[in-house]
Amino acid sequence: MVLFTPHYLVAPWVLASTGLIVALPERVARRFAEAFPLTVVPVERPHEPLRVQQLWHPHRQQEPAHRWLREQVLAAARASPVSTAPSMDEACTGTPSAASSPP
């Protein structure tokens, strides 16, 4: 059985009342386990890194407030210890910079 939910925050209620399992970031899973009768079990096999993308309508491309928001999201992604965030040009304009283009 597979269950799709609108948001991962409903997971602890579902898990606590069913035999289902879920894959979540460890910090999130541990928080849930503090509040619900759940057990955290590490993933035993490697998994692909999560890819996160910013998408926006071309009409918003040059708006200063929209660009500022994209830059803030990129800065937060780059601060992650596992970040593979692209260059600012690629992330905020959708155009790969020379530095991020393959040789």
Given the condition within 15 Å of the chain's Cα centre (by Cα) and open to solvent by less than 60 Å² (accessible area, probe 1.4 Å), answer yes or no: does some residue in the stretch 17-24 qualify? yes
Which one is modelled with the highest pLDDT, of the residues in the stretch 50-89 that are surrounded by 13 or more Cβ atoms within 10 Å (Cβ to Cβ), in a helix (DSSP H, G or I) and among the aliphatic types (A, V, I, L, M)? LEU69
Pairs needed: first member in the stretch 1-25, free of Cβ contacts under 8 Å to residues at least 40 places away in the same chain and closer than 22 Å to PRO49 by Cα; second member anywhere, open to solvent by 80 Å² or more (accessible area, probe 1.4 Å) and assigned to a helix (DSSP H, G or I); C-beta distance under 8 Å; at least 6 residues apart or different chains. VAL22/TYR8; LEU24/TYR8
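The values are calculated or read from the model by the stated rules, or taken from the named source; none is laboratory data. Only a predicted model underlies this, so the values are computations on that prediction, with no experimental measurement involved. Glycine gets a Cβ as well: all are built from the backbone with ideal geometry, and neighbour counts include every protein chain shown. Accessible surface areas use protein heavy atoms only, side chains included; no ligands, DNA or RNA. Shrake-Rupley method; radii C 1.70, N 1.55, O 1.52, S 1.80 Å.
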